[in-house]
Amino acid sequence: MTTLATLPRKLVIGPQLGQEAIERIRLLAPDTHVVRTDRLRPDPALAGADAVWFGQGEVDGEQLLEIAPGLRWLQTFGAGVERWLTPRFVESDVVLTNASGIHGIQIAEHALALMLAFARGLPRLVQGQRHHALHHPRLEQFELAGQTLVIVGFGRIGQALALRAAALGLTVIGVKRHNAPPPEGVTAIVGSEDVDRALALADHVVAALPLTADTRHFFDDRRFAHFKRGAYFYNVGRGGSVDHAALLGALTHGRLAGAGLDVTDPEPLPPHHPLRRSEKVILTAHTAGASPRYFDRALAVALENLKRLRHGQPLVNVVDKRAGY
């Protein structure tokens, strides 16, 4: 079993990082052999690697250990880590760190964009534009100010969203595993045991959950039954946290007035999936996290961990592989 106690001997980085990143790595770890590869796949470049920094790839945790059996550290450039957590990887001593915390601004803005789109009737107005309509259709437009937003998964994304939503005049309730004092602008933080009571108050529910054994199909028929009739639902976390048959039923029977989905399960949805055809649904192609500053922020996390490793300090964003986040 390997442990993480020294700087990497061989570090393989992904295509998102260029020569400037390599030079910054070498300033912190001059004796580390840095190799850049185009894609994380069965590749001779990975042989002998004891550290890998990467975003998306074509291998899971099991395959990565087969390619690089001496791996000691995997730094991902995303927040979700479920694709790496194969049984062998979970049991290994490989330290897994992610880029949690770099998504707050853009995903919060994306969630607000979806909320505002429904509030101002943008889907129907854009449809009218495409059909050269001279007058807008009669719309059920509304104001976000004065409404209630419940954020399920009150991590860094949820906190960034709460700050912005409160500025627009929404009452904000956060849901996390345990009760906590609410930050400024948030009415309450409730524990998971009170989630259903919170949902009954919500005009808008944003899911920002990681995907774990506890959160898979967290939003199912039973949970949607607790929603206020006519509420809106948004998922900017993981598609697997929602039972999409239950979501479709809630939309069809009027429990939900609309849904904004940046993530789905499967992803993408099949071409003829009913959620694709529903006028009550806005689908975006897992783009909420996109930002021109994304990889600058991800590199900053990785370099901070390299610096901490050099000085024998605890790493940031260490994932509990058994918990899944």
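The values are calculated or read from the model by the stated rules, or taken from the named source; none is laboratory data. From a predicted model like this one, the values you see are computed outputs, not experimental measurements. All Cβ positions, even for glycine, are placed from backbone atoms using ideal geometry, and neighbour counts span all protein chains on display. We work out accessible area using only protein heavy atoms, side chains counted, and drop any ligands, DNA or RNA first. Shrake-Rupley method; radii C 1.70, N 1.55, O 1.52, S 1.80 Å.
Cross-link candidates for Lys228: which lysines have Cα within less than 27 Å, leaving aside residues fewer than 8 places away along the same chain? Leaving aside lysines fewer than 8 places away in the same chain, those within reach of Lys228 are Lys176, Lys280.
Tally Lys/Arg at +1 and Asp/Glu at -1 over every other residue whose Cβ is under 13 Å from the Cβ of Leu168; what's the total? Spell out each step's value before the answer.
On the way: positive: Arg120, Arg164; negative: Glu109, Glu143, Asp203.
Neighbourhood net charge equals -1.
Kirkwood hydrodynamic radius (Cα pairs, Å) of the range 2-121?
On the way: mean 1/r = 0.0636 Å⁻¹.
Final number for the Kirkwood radius of the range 2-121 is 15.7 Å.
For helix 104-119, what angle does its Cα long axis make with the longest principal axis of the chain, in degrees from 0 to 90 and rounded to 10? Helix 104-119 sits roughly 20 degrees off the main axis of the chain.
Please give the contour-minus-distance gain from Arg26 to His178: 0.36 nm per residue of separation, less the Cα-Cα distance, rounded to one decimal in nm. Each step should come with its number before you reach the end.
Numbers: separation 152, 0.36 × 152 = 54.72 nm, distance 4.17 nm.
Contour length minus the Cα-Cα distance gives 50.5 nm.
Highest GNM mean-square fluctuation among Leu269, Leu256, Leu201, for the chain modelled with Cα contacts below 10 Å: Leu269. Principal-axis analysis of the Cα atoms of the chain puts helix 294-310 at an angle of about 40° to the longest axis. Can you tally the net charge around Arg24? Count Lys and Arg as +1, Asp and Glu as -1, for every other residue whose Cβ sits under 12 Å from the Cβ of Arg24. So the environment of Arg24 carries a net charge of -2.
Which three numbers, in whole Å and largest first, are the semi-axes of the equivalent ellipsoid of the range 167-244 derived from its Cα gyration tensor as √(5λ)?
On the way: eigenvalues 79, 46, 29 Å².
In descending order, the three semi-axes are 20, 15, 12 Å.
Largest GNM mean-square fluctuation across Arg297, Arg197, Arg223, computed for the chain with C-alpha springs under 10 Å, falls on Arg197. Ratio of Rg to Rh for the range 113-184: 1.14 [Cα atoms; Kirkwood radius as inverse mean 1/r over pairs].
Would you mind working out the accessible area per residue for the chain, using a 1.4 Å probe, and quoting it in Å²?
Values: 15980 Å² over 325 residues.
Solvent-accessible surface per residue comes out at 49 Å².
Considered as an equivalent ellipsoid built on the Cα gyration tensor, the chain has semi-axes of 39, 21, 19 Å, the largest given first. Counting only other residues whose beta carbon sits under 11 Å from that of Val195, what net charge do I get with K and R as +1, D and E as -1? Combined, the nearby Lys, Arg, Asp and Glu give +1. For the chain, DSSP calls about 0 percent of its internal beta bridges antiparallel. Be a star and scan the range 236-255 for residues whose amide nitrogen sits under 15 Å from the point 7 Å along the Cα-to-Cβ vector of Glu267. Under cut-off, by backbone N: 236-244. Solvent-accessible area assigned to carbon and sulfur over the range 133-221 amounts to 53 percent, based on a 1.4 Å probe.
Compute the whole-percent fraction of alpha carbon pairs in the range 204-325 spaced more than 19 Å apart. Of all Cα-Cα pairs in the range 204-325, 56 percent lie more than 19 Å apart. Calculated on the alpha-carbon coordinates, the convex hull of the range 266-325 measures out at 134 cubic angstrom per residue.
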